[in-house]
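*Asks:* First the structure, which I've put down as structure tokens, then a few questions once you've had a look.
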């Protein structure tokens, strides 16, 4: 693959992470004036409109899912709802950077789950890296310490649902369009938010609130599109490590917008988790396997995890780089 494609893919991956971080920051702003479910409803409802436009452009209606696809999509969407709910609650109560940093353990958990459930070979080096990554998580949440907050466990619950989502995604047929899965996810989140919202009540949403929601919807949609393009353009071993740039964006946005300054323990723990994730990715690439850790996106509302496979990507969303 030409080096320029890898360079562009890596740059696009970093840009997509920036949009995802902006989405998180805008939602956190929305939570200051709106109930959580109402803010998510506005974001997801507008996001559904954006994705519907993309679906119309890509002609996804030619896709005819099997019963297995529908079951996998339904399970995947429910996992997305649970992941979104837990992450949004964490985001509303925790500093932006802290919530995002804890979710970065997802690739390590996925590697472990793939080994335990599917028998994928994971040797002692990667098991050691997984253990080191979990140590980084313990450093960040500080169980039993003065700085421990039970809310810091919520991003880890998010990780569990994200990993189940990614494992279920493997059951989808190769012809499943990514936009179809994303549309199913957004519709499910929108409907779920609408069902729960009456229990929190509807607050008057100003034009600014709707603008913030629209900005979050646009940011997550652009992040999704650019992410897919990056994975199609560059080699997964080159592009995927740039997922971790979301931490940089989250630290900067958290400081500039909310005045949050991560403490030393958070920075040390996040560095350990990222280092363990990068090592796991490098080891998987070195032994010649499709990197499990690289395919994991620690975020709710993520593209299908097989997008980096060129043969499969050609049957999915057609996004020109």
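The values are calculated or read from the model by the stated rules, or taken from the named source; none is laboratory data. This structure is a prediction, so every number in the text was calculated from the model and none was measured. Quick reminder, even Gly has a Cβ in these numbers, built from the backbone with ideal geometry, and neighbours come from all protein chains shown.
*Asks:* Got at least one residue in the stretch 232-251 being free of Cβ contacts under 8 Å to residues at least 24 places away in the same chain and surrounded by fewer than 21 Cβ atoms within 10 Å (Cβ to Cβ)?
*Replies:* Just the residues of the stretch 232-251 that are free of Cβ contacts under 8 Å to residues at least 24 places away in the same chain, to begin with: 248.
Then keep just the ones that are surrounded by fewer than 21 Cβ atoms within 10 Å (Cβ to Cβ); that gives 248.
So far as the stretch 232-251 goes, yes, one or more of its residues are free of Cβ contacts under 8 Å to residues at least 24 places away in the same chain and surrounded by fewer than 21 Cβ atoms within 10 Å (Cβ to Cβ).
*Asks:* Which of the residues spanning the stretch 66-80 are surrounded by 19 or more Cβ atoms within 10 Å (Cβ to Cβ) and closer than 23 Å to residue 39 by Cα?
*Replies:* Matches in the stretch 66-80: 76, 77, 79, 80.
Condition check ((1) touching a residue at least 12 places away in the same chain (Cβ under 8 Å); (2) crowded, with 23+ Cβ neighbours inside 10 Å; (3) in contact with a helix residue (DSSP H, G or I) (Cβ under 7 Å, 6 or more places away or on another chain)) across all residues:
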site	(1), (2), (3)
92	yes, no, yes
119	no, no, no
125	yes, no, yes
131	no, no, no
134	yes, no, no
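*Asks:* Kindly establish whether residue 112 is farther than 22 Å from residue 35 by Cβ and without any contact (Cβ under 8 Å) to a residue 40 or more places away in the chain. Reasoning before the result, please.
*Replies:* Details: farther than 22 Å from residue 35 by Cβ: yes; without any contact (Cβ under 8 Å) to a residue 40 or more places away in the chain: yes.
So residue 112 fits the description; yes.
*Asks:* Kindly evaluate residue 106 against the criterion of being surrounded by fewer than 23 Cβ atoms within 10 Å (Cβ to Cβ) and either touching a residue at least 60 places away in the same chain (Cβ under 8 Å) or within 26 Å of residue 252 (Cβ to Cβ) (or both).
*Replies:* On the way: surrounded by fewer than 23 Cβ atoms within 10 Å (Cβ to Cβ): no; either touching a residue at least 60 places away in the same chain (Cβ under 8 Å) or within 26 Å of residue 252 (Cβ to Cβ) (or both): yes.
The answer is no for residue 106.
*Asks:* Might you let me know whether the stretch 313-321 holds any residue that is outside any loop (DSSP other than H, G, I, E, B) and either under 20 Å from residue 26 (Cα atoms) or modelled with pLDDT under 80 (or both)? Explain how you work it out, then say what you get.
*Replies:* Initial filter on the stretch 313-321 (outside any loop (DSSP other than H, G, I, E, B)): 313.
Add one more test, that the residue is either under 20 Å from residue 26 (Cα atoms) or modelled with pLDDT under 80 (or both), and what stays is 313.
For the stretch 313-321, residues outside any loop (DSSP other than H, G, I, E, B) and either under 20 Å from residue 26 (Cα atoms) or modelled with pLDDT under 80 (or both): present.
*Asks:* Restricting to the stretch 142-155, give me the number of residues that are surrounded by fewer than 18 Cβ atoms within 10 Å (Cβ to Cβ) and part of a helix (DSSP H, G or I).
*Replies:* Initially, the stretch 142-155 is screened for residues surrounded by fewer than 18 Cβ atoms within 10 Å (Cβ to Cβ), giving 142-151, 153.
Now narrow it down to the ones that are part of a helix (DSSP H, G or I): 150-151, 153.
Here the count works out to 3.
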